[in-house]
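Since the structure comes first, as structure tokens, the remarks are kept for the end.
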Amino acid sequence: MTAVQVEHQAPLQRYNTFGIVAKAQRLARIRSAADILAVLADAELAALPKFVLGGGSNIVLTGDLRAVVLKVEIRGLRLVEETDRAWIVEAGAGERWHDAVQWTVDHGYPGLENLALIPGTVGAAPVQNIGAYGIELQDRFESLDAVDLQTGQPFTLNAAQCAFGYRDSVFKHPAAGPNDLGLAGRAVVTHVRFRLPRPWKPELDYADLARRQAENSGVPTPRQIFDWVCEIRRAKLPDPGVVGNAGSFFKNPTVSPEQCADIIAREPRIVHYPLPDGRIKLAAGWLIDACGWKGKSVGKAGVYEKQALVLVNRGQGADSVTGGEVMTLARAIQTSVYERFGIRLEPEPVVV
């Protein structure tokens, strides 16, 4: 027997922010790297497939999981190093992301405030390369620690080794060959370290924050930006604790300047943003709204009335939305957007 806490046929409804009813064949609570090794050393558990679960804010469950769910609950927040150029802060992978951001602001280590109120855990943040209001995780990333589920070996990755992209990282890609570092389904992140630059400067390029700044005099403090971001997000997005959802359901697509010009010729009001590499990012929420989906439903899966980029659970408790309903709605939206704009929307959540 292993010392790690294991539950059989464990309900997962409260462990996914959509509130979808499902069960895990086994659920192991991971509170240290040693717990991961205990699972791998257990003859029964080692033979089963593994599924890493953080805050469950970026998944759609389409059925029960015939796997050992590794529920990451590693805690801890600390200042690792302070130099003239940066604060290096470390967080356990099981810490709630928003709590970690608030802790850095409370303790005078600013730099993550634009990422306030993003649901999920710290360990999932580099997997998804989360971003909001002009900042991506990669902009504040120092390194992470993880354990290889195949070998049981601990390892550390820097930013370059994480191969960050838009909502992308090495953790989302399978290994293509023996020398490839693809880590999809192969690793559990245990700790993440952030490099928070000194001197601090506010990041206010995002339109909503620029408007707040224009309404106020002087340079905002990190606390003010933190509060602004929380207010903006609460006004636009549903609280997963009240209305089940997985946040932004689709990635904002990118197109060439030529493609964008062609779309603008047909749809002059389309919301778009130039990127540093010359490509153009289109607002997926605008595309979905333009196709008439805001407020619509398929079964108990709906499109949020205030933000078409968010799909929500219109059921409750045992009468919750199913993963099948969510994906039926998602595919219908994808078809509508493609037929009208020639753009293929890509879902953000992992579909299991």
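The values are calculated or read from the model by the stated rules, or taken from the named source; none is laboratory data. Note that the structure is a prediction, hence the values are computed from the model and not measured. Virtual Cβ from ideal backbone geometry, glycine too; neighbours counted across all protein chains shown. We work out accessible area using only protein heavy atoms, side chains counted, and drop any ligands, DNA or RNA first. Shrake-Rupley method; radii C 1.70, N 1.55, O 1.52, S 1.80 Å.
Return yes when Val80 is β-branched (Val, Ile, Thr), closer than 26 Å to Glu136 by Cβ and surrounded by fewer than 23 Cβ atoms within 10 Å (Cβ to Cβ) and no when it is not.
yes
So which residues in segment 298-322 are under 18 Å from Pro240 (Cα atoms), small (Gly, Ala, Ser) and open to solvent by 40 Å² or more (accessible area, probe 1.4 Å)?
Correct list: Gly317, Ala318.
Would you check which residues across segment 132-144 are modelled with pLDDT of 95 or more and either within 20 Å of Val350 (Cβ to Cβ) or surrounded by 20 or more Cβ atoms within 10 Å (Cβ to Cβ) (or both) and list them?
Residues satisfying the conditions are Glu136, Leu137, Gln138, Arg140, Phe141, Leu144.
Cβ-Cβ under 7 Å, sequence separation 6+ or interchain: first residue in segment 197-225 and under 20 Å from His107 (Cβ atoms), partner among the acidic types (Asp, Glu) and open to solvent by 90 Å² or more (accessible area, probe 1.4 Å). Which pairs?
From residues that are under 20 Å from His107 (Cβ atoms), the pairs are Arg198/Asp84.
On the given criteria, is Val321 assigned to a helix (DSSP H, G or I) and either touching a strand residue (DSSP E or B) at 6+ places or on another chain (Cβ under 6 Å) or in contact (Cβ under 8 Å) with a residue 12 or more places away in the chain (or both)?
no
Inside segment 323-346, can you point out the residues that are open to solvent by 40 Å² or more (accessible area, probe 1.4 Å) and in contact with a helix residue (DSSP H, G or I) (Cβ under 9 Å, 6 or more places away or on another chain)?
Across segment 323-346, the qualifying residues are Arg340, Gly342, Arg344, Glu346.
Is one or more of the residues making up segment 93-107 surrounded by fewer than 22 Cβ atoms within 10 Å (Cβ to Cβ), modelled with pLDDT under 95 and in a strand (DSSP E or B)?
Among the residues of segment 93-107, not one is surrounded by fewer than 22 Cβ atoms within 10 Å (Cβ to Cβ), modelled with pLDDT under 95 and in a strand (DSSP E or B), which makes the answer no.
Residues Ile264, Ile270: which one is more than 20 Å from Ile118 (Cβ to Cβ), out of contact with any Asp or Glu (no Cβ under 6 Å at 6 or more places or on another chain), open to solvent by 50 Å² or more (accessible area, probe 1.4 Å) and at pLDDT below 95?
Residue meeting the stated conditions: Ile264.
Under 7 Å by Cβ, and 6 or more places apart or on different chains, what pairs join a residue from segment 5-21 that is within 25 Å of Ala41 (Cβ to Cβ) with one that is among the aromatic types (Phe, Trp, Tyr)?
If the second residue must be among the aromatic types (Phe, Trp, Tyr), no pairs are left.
In segment 236-267, what count of residues is obtained for those that are in contact with a Lys or Arg (Cβ under 8 Å, 6 or more places away or on another chain) and hydrophobic (A, V, I, L, M, F, W, C)?
So the count comes out to 2.
When you scan segment 3-75 for strands (runs of 3 or more DSSP E) that lie fully inside it, which ones turn up with 3 or more residues that are crowded, with 18+ Cβ neighbours inside 10 Å?
It comes to 23-30, 50-53, 65-72.
One residue is enough: does segment 163-174 have a residue meeting the conditions among the acidic types (Asp, Glu), within 16 Å of the chain's Cα centre (by Cα) and under 30 Å from Asp239 (Cα atoms)?
yes
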